[in-house]
Structures are given as structure tokens and as C-alpha cells.
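Taking it in order: structure first as C-alpha cells, then the write-up.
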Amino acid sequence: MYRVWGFIEDYSILLIVGSVLALVWANADPAGYRFFVDYPLWLNDWIGADIHHWLPHHAAEYGLDETGAVRVLTIHFLVNDILMAFFFAVAAKEVWEAIALGDGSLRGRTAATPLIATLGGMLGPIAVYLGLAWCLGPDGFDTVSRGWAVPTATDIAFSYLVGRLVFGPAHPAVNFLLLLSIADDAGGLVILAIFYPSGDLAPEWLLFSLAAAVAVYLLANVLPRRLDRHDQERPHSTWVRKRLGVLPYAMAGAMSWYGFQQLGLHPALGLLPIVPTIPHAERAFGIFHAAERYLSDLLNRIQKLLRHPVEFILFLFGLLNAGVAFQSIGSPTWLVLAGLLVGKPLGIFAFGWIAAKPMGLGLPRGMRTADLVVVGCTAAIGFTVSLFVASVAFGAGAVQDAAKMGALFSFSAAAMAWLAGRLFRVERQKA
């Protein structure tokens, strides 16, 4: 029994509320909205955006002169680069368990077809986006080409919700869609890390982040267990768990995040090296499985602690990123939308069919080849991660706003999935 409806309630409702408020505010008072989003909270030398890039565009707006500070912590940076790290850590936790544990959902032959279909669901949108962008000519292509990764994303929660409505909760295609979506987001994290650095790369800082992960793993995880090898009461492990709790991992997370900022990779990914170091259950029940709420391992306890903070973080993310003026619709809007609504269904169907038929990996029992088309349409809802990638791929301005509008319009994939379900005569299967 998957607890994905709980996941939707936890992580998506407030996101929608924030996004709707942002759309209303940005169209009613554009200047006021931008003033709020880019407001400088702290001029400093440690945390924030490069002030030399920020100051020329905003000095007059906020009444600032030249300053000796190196960085500026804006509200936008606080949410997108610092607080969103907790959201990506929650997603990474599910991916880590699904891949690393022996019975993880993304291991073995049963996961092979969804994983190959995921690859198609990423390559298809890229091909459609760049192919159509090429038709804009050299100047147009150069303007929009950095957004090729925006339509590769799949919003886990909303796609799952639409999948349940189209297929019914007991249909095997729903779990297929869930595996595909989480693998898609894992691929999105890799794309962000490799292709969208936040500045000039300083590789030595990667060693700093990795050293923080290795140190906390050895000192707070391995060492206590090693000291307790011949003592069934496990006094050292108990002391670390009760007295220190999450503190060592919080400190290591802060160090890793800072290393990512200095490294030049997007800081929102800064907690990812720490997630595998946290003590976790020895088995996986499945992605977002209900049984996880009863586990007492530290990794699941941290996820529970983050539940309400991440809800509010996603509200702020929607408020700060979905504020797009309706007149900003442009060619990036249609490129992102075509990548999602055309490229993703085609890619998922083509690669899923290759995996199931020529490669002989098959589909889950009770799932037809035609269902791959409907799954592809359902997975075309980009929303959350598409908004995030758009904010990273393009600088603030008309192109970024137009790309974000395409991410928002991707909700139209829900209607497309319903029509595809009717066309291919999907039989809803109740629980």
C-alpha cells in the first residue's frame, strides 16, 4: 500500500497554493513581486549569490552602493539554493533506498523496463526541444538551447495522482509510473550536477564535501558499531544515537552544502553526499511505502522531522518561482511544452517497447503495450522540477519566465492522459 496520497498532501498542496499566489501577485503587481523575490537579506563573504553579478542589476532598486561584500543572501537564494536542499534530500532518500538495498524497488529485472523507459522519457524531450529550437535559426537557438533539460522532468506526486485516476489504484501501470517518475527525478539531479554548475568549477571543494560525508559515516556510524562488536548491549551506538542524534549529520550536511556552493555545483544538491551515510533500515518496502512510517532508523526519523518544514519550503518555492506574467509566453514556452507533451510520451513508449519486446524484459503482468502511451502522457507533467531547472538554466528575465510558463502549462498533460486512456480503452482497476 503506497502512501503517495500522503506524499501529495505533504509536498504538493502548499506548492500549488504558493504557485497560484505567485501568478496572481506577479500579474497584479510585477514590480512589487520582483522586489520581494530578489530582496537582499544579508551582504556577506560566505553565503549567497555572487554580488558582482547581482549588484549592477539591483543596486538602484534597493538603494545600495558599492560594497566590499563578496556575496548577497537574497530571499530567492535562501529558498532555491538553501532550503530546497531539504526537499532534494527527501527525494534522494527514496532513490537511495530503492537502489542500494537488496530488495529496493529500482533493482533487479522488474525495474529494468521502467528504467529503460525513463531513459527514453528524458532523451525524447531533449530531442524534440533541441530539434524545434534549431528551427528558430542560429540566434534563436543560442537564446533557448540552455533550456534543453527543462522538459526532461516528471513531477512524481501529480503524475502519480493522475495515473491513479486514469488507471485505477490497483493497475500495474501505476507502480510502473511511480518507478519511472522517481528514476526520472534521480536523472534530473544528475543533469543539474553535471550540466548546470552555478559558477566556475573549483574541484578541490568536492573533496571537502566528500570528506564531510566520509568523516560522519566513519565517526558516527562505523566506529560506534565497531566498538560494540562483542557487546550485545551496544553502549557506544546507543550513546551516539541518544546523545548526538541528528547533530553529526546536520553538521556534515552544512559542510557539504558549503562545499557545493564553493565547488560551483548547485547548492540545492549539497545534502546528497550525506544521505547515504545516515543509518537506515536494512530493507526497502517500496517507494513512499506506508510501512516506512513505523521504521525507527535515523534516516526515516529525519524524513519525518523534515515533513512539515519541507511543506512550507515548497510553498515558498512556488511563491518565488511561479510568478510569471501571462504576457511572457514565448518560444521557450512552446519548446518546453512540446518536449513534455510530445517528446516524453514518444520516448517512454519507444524505449519501453524496445525493453519489453525486442530485449525480452517484458512488462508487469496485466499491463499492455498500449498502456505505455498512457503512462508517457501521464509522466509529461513536469511542474516542480521543471520550474527548478528553468530557474537554473536561464537568468532572470523574459526567457526564464517563458520557460517557466511551459512548465506550468504541463498540467494540460492530465487531460491528454485521460483522453489517451479513453482512446486505448484502459480498464480502471480498483483496489
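Tell me the mean residue ellipticity at 222 nm calculated for the chain from its helices only (DSSP H runs of n ≥ 4, each -39500 (n - 2.57), averaged over every residue, nearest 500).
My calculation for the chain gives -19000 deg cm²/dmol from helical runs alone.
How big is the gap, in Å, between the Cα center of region 36-103 and the Cα center of region 185-226?
For region 36-103 versus region 185-226, the Cα centre distance is 18 Å.
Which whole-Hz ³J(HN,Hα) couplings does region 26-43 yield from phi under the Karplus relation 6.51 cos²θ - 1.76 cosθ + 1.60, θ = phi - 60°, glycine and proline marked x?
5, 8, 7, 9, x, 5, x, 5, 5, 4, 5, 4, 9, 4, x, 8, 7, 8
Mind telling me which of Glu66, Glu311, Glu94 comes out most flexible in a GNM of the chain, alpha-carbon contacts under 10 Å?
Glu66
I need two numbers for region 95-225: Rg to one decimal and Dmax as a whole number, Cα atoms only, in Å.
19.2, 61
Taking the Cα centroid of region 229-252 and of region 330-373, what is the distance between the two, rounded to the nearest whole Å?
46
Summarise the long-distance tail of P(r) for region 147-296 by giving the % of C-alpha pairs beyond 28 Å.
40
Given Cβ point charges of +1 (Lys, Arg) and -1 (Asp, Glu) and nothing else, what value in debye, to the nearest 20, does the dipole of the chain about its Cα centre take?
Dipole about the Cα centre, nearest 20: 1880 debye.
Going by amide H atoms built from the backbone, whose H comes under 5 Å of the H on Arg71, apart from near neighbours?
Asn44, Asp45, Trp46, Ile51
Which three extents, in angstrom, do the Cα atoms of the chain have along their principal axes, listed largest first?
Taking the Cα atoms of the chain, the three principal extents are 65, 60, 35 Å.
Note down the relative contact order for the chain as a percent, whole number, built from C-alpha pairs under 8 angstrom at least six residues apart.
With pairs under 8 Å counted, the relative contact order is 29 percent.
Using a Gaussian network model of the chain with C-alpha springs under 10 Å, which one of Leu101, Leu314, Leu83 is most mobile by mean-square fluctuation?
For the chain, modelled as a Gaussian network with Cα springs under 10 Å, the answer is Leu101.
For region 136-292, what does the relative contact order come out to in percent, with C-alpha contacts under 8 Å and a separation of six or more?
After rounding, I find 25 percent.
If you build a Gaussian network model of the chain, linking Cα atoms that sit under 10 Å apart, which residue out of Leu130, Leu419, Leu363 swings the most?
Ranking Leu130, Leu419, Leu363 by mean-square fluctuation puts Leu419 first.
Mind ranking 317-323, 408-414, 371-377 by how tightly packed they are, going by the mean number of other C-beta atoms within 10 angstrom, highest first?
Ranked by mean Cβ neighbours within 10 Å, highest first: 371-377, 317-323, 408-414.
Treating only the Cβ of Lys, Arg, Asp and Glu as charged (+1, +1, -1, -1), what charge dipole size does region 307-431 show about its Cα centre? Round to the nearest 20 debye.
540
Against the 2.2 N^0.38 Å scaling, with N counting residues, where does region 199-264 land? I'd like the Cα-based Rg ratio to two decimal places.
1.39
Which value, in debye to the nearest 20, gives the size of the charge dipole of region 199-264 about its Cα centre, when Lys and Arg are +1 and Asp and Glu are -1 at the Cβ?
The calculation lands at about 400 debye.
A short reminder: the numbers here are calculations on the coordinates, not readings from a lab. Small disclaimer: the values here were computed from a predicted structure and weren't measured. Note: ideal-geometry Cβ built from the backbone for every residue, glycine included; neighbour counts use all protein chains shown.
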